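Trainee: What follows is a structure written as structure tokens; I'll ask about it next.
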Amino acid sequence: MWSLFLRDIRLSIRAGGGALTGVIFFLAVIATIPFGVGPDLKLLARIGPAILWIGALLACLLGLDRLFQADREDGSLDLLVLGNDRHMLALTVLVKCLAHWAGSVLPLVVAAPLLGLFMNMEPLSIGATALTLLIGTPAITFIGAAGAAVAVALPRGGLLISVLVLPLTIPVLIFGVSASYGAVADPDPFAQPFLILAALTLFLAVLGPVAAALALRHGTD
Amino acid sequence: MRLIAENLGGERGGETVFSGIGFALENGQALVVTGPNGSGKSTLLRTIAGLLPRAEGDVRIEGGSETFPTIASAVHYLGHLNAMKTALSVMENLRFWRDFNGDGQLGVEEALETVGLGGIGYLPFGYLSTGQRRRAAIAKLLVSHRPLWLLDEPTAGLDKASEERFAGLMARHCAEGGIVVAATHLPLGLDGAQALAMGEAA
């Protein structure tokens, strides 16, 4: 399993990997917002956490279609599915998700504080947003894995996956943003939405890979 | 260990591709599947591996050891695709499959020597020629032990010498008690090799 994790990490940073695509997209989205919204620093600071979350969410969805498709195109997916007796397929999917997260999504979390400066956010707000992204983005990857597994056989499945997955990621977005606001706006709570966010991630860490494994088993042809 | 298929039928997209296939293979035996294009050789192999649902009949392993109780756990499936990543080196690819599949047999370098690719393991897989890629995929069969080999056109793209070397590898696998089911036109040179001709009539 560790070797699968290492392989996917290596692939994401080598030529053709998607590690930087997401970060550049994230940067492009966040950098254009101040131009569109105008030079109202207070407004920017106020919408900052929400914009960072939306940007990160969309950037997460960007590379998801390659999660299983790349393996399907070169035949590896057949062998991963056949390996079910040794490594439960859901576990294989979970490891692939973690590798995808570490390779393509973690860079977004790392870039978020820097991009928070573009939005004139305070240090505390930046810290809270980065923390909620760190806890919340795995959930998006886990849901996305189920979507990617369903659409694995479609040649242009990228957009379909986004459309399938986006409605399911809304709870993650809501609790992520409200926890980020809770950390700075005084009467709003931080702990409750943050804990629900953590619970969502843990819950989807089980449900997502199981659903994806089911879809992959029935999707081979 | 025995591989038994009874009245096996397969379909693709609701269309029956073959039906009524039956065979029984003991340790050390091989089955050569021949037939024109579109006669269902690949579908048969994928159905045996369990990658496609069976339309009818049954295929199973009897008397498998504890390590290899089911077909999925006992099989090396070599399809049309090589299941190797072009961005990784040949060694990295093989090392991954060796770790993932377990039951290590030959070392990575040893396996590459065996298929005649010694000394180029450091190259990215994408730089290899078609025949070399196929040979690297064959090396994948050697790095982990599986008693049952399902081979779909294993020698596609191989030159004469490599074909002969591969026929030798299959013979050795059978001699060591393995089972080979291959869709190939290559004469295996094995005594116990059964033949299965698929076609319109089958």
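Trainee: Taking K and R as +1 and D and E as -1, what net charge do the other residues with C-beta under 15 Å from the C-beta of residue B:110 add up to?
Mentor: Around residue B:110, the surrounding residues sum to +4.
Trainee: When we measure straight from the Cα of residue B:140, which lysines land under 26 angstrom away, once same-chain ones fewer than 8 places off are left out?
Mentor: Answer for residue B:140, where 26 Å is the Cα cut-off: A:96, B:41, B:85, B:160, listed by chain and number.
Trainee: Let me ask another. Along each of the three principal axes of the Cα atoms of region B:1-74, give the extent in whole Å, ordering the values from largest to smallest.
Mentor: 36, 22, 17 Å, listed from the longest principal axis down.
Trainee: What does the extension gain come out to for residue A:170 and residue A:122, with contour length at 0.36 nm per residue minus their alpha carbon separation?
Mentor: Between residue A:170 and residue A:122, full extension yields an extra 14.7 nm.
Trainee: How large is the charge dipole for region A:2-219, taken about the Cα centre, if only the Cβ atoms of Lys, Arg (+1) and Asp, Glu (-1) carry charge, to the nearest 20 debye?
Mentor: 300 debye
Trainee: What's the Kirkwood radius of region B:38-162 in Å, using all Cα pairs?
Mentor: After inverting the mean inverse Cα-Cα distance, the result is 15.4 Å.
Trainee: Tell me the volume per residue, in Å³, of the convex hull enclosing the alpha carbons of chain A.
Mentor: With only Cα atoms used, chain A gives 113 Å³ per residue.
Trainee: With both partners inside the protein assembly as shown, how many of the DSSP beta bridges are antiparallel, as a percent to the nearest 5?
Mentor: Roughly 45 percent of the beta bridges in the protein assembly as shown run antiparallel, per DSSP.
Trainee: While we're on this one: Determine the gain in length on full extension of the stretch residue A:203-residue A:87; use 0.36 nm per residue of separation and subtract their C-alpha separation, reporting nm with one decimal.
Mentor: Extra length from residue A:203 to residue A:87 when fully extended: 39.7 nm.
Trainee: What length, rounded to one decimal in nm, is gained on full extension from residue A:154 through to residue A:191, with 0.36 nm per residue of separation minus their alpha-carbon distance?
Mentor: Separation in residues times 0.36 nm, less the Cα-Cα distance, equals 9.2 nm.
Trainee: Within region A:4-47, what residues put their amide N at less than 15 Å from the label point 7 Å along the Cα-to-Cβ vector of residue A:73?
Mentor: It comes to A:11-12, A:14-19, nothing else.
Trainee: Using a Förster distance of 51 Å, how high is the FRET efficiency between residue B:122 and residue A:45, based on the Cβ-Cβ distance and rounded to 0.05?
Mentor: 0.45
Trainee: Taking only DSSP H segments of four or more residues, each worth -39500 (n - 2.57), what value at 222 nm results for chain A once the sum is divided by all its residues, to the nearest 500 deg cm²/dmol?
Mentor: So the calculated ellipticity at 222 nm is -27000 deg cm²/dmol.
Trainee: Additional query: Given R₀ = 41 Å, what would the calculated FRET efficiency be for residue B:172 paired with residue A:28, taking r from the Cβ atoms and rounding to 0.05?
Mentor: Step by step, r from the Cβ atoms, then E = 0.15.
Trainee: Once the Cα gyration tensor of region A:1-62 is diagonalised, what are the square roots of 5 times its eigenvalues, in whole Å and ordered largest first, as equivalent ellipsoid semi-axes?
Mentor: 33, 12, 7
Trainee: For Cα pairs less than 8 Å apart in space and 6+ apart in sequence, what is the mean separation divided by the residue count of region A:2-219, i.e. the relative contact order in percent?
Mentor: 28 percent
Trainee: Next question. First measure r as the distance between the Cβ atoms of residue B:6 and residue A:54, then evaluate 1/(1 + (r/R0)^6) with R0 = 56 Å and state the FRET efficiency to the nearest 0.05.
Mentor: Working from the Cβ atoms, E equals 0.45.
Trainee: State to the nearest 20 debye the size of the charge dipole of chain B about its Cα centre, where the only charges are +1 on K and R beta carbons and -1 on D and E beta carbons.
Mentor: The calculation lands at about 460 debye.
Trainee: Another question about this same structure. Based on the Kirkwood radius over alpha-carbon pairs, what is the Stokes-Einstein translational diffusion coefficient of the protein assembly as shown at 4 °C with 1.567 mPa s viscosity, in µm²/s?
Mentor: 55 µm²/s
Trainee: Compute the long axis of helix B:160-175 from its Cα atoms, compare it with the longest principal axis of the Cα atoms of chain B, and write down the angle in degrees, 0 to 90, nearest 10.
Mentor: Rounded to the nearest ten degrees, it is 60.
Rule-based calculations on the coordinates, nothing more; no lab input. All values reported here derive from a predicted model rather than from experimental measurement. Neighbour counts run over all protein chains shown; Cβ positions are idealised from the backbone, glycine included.
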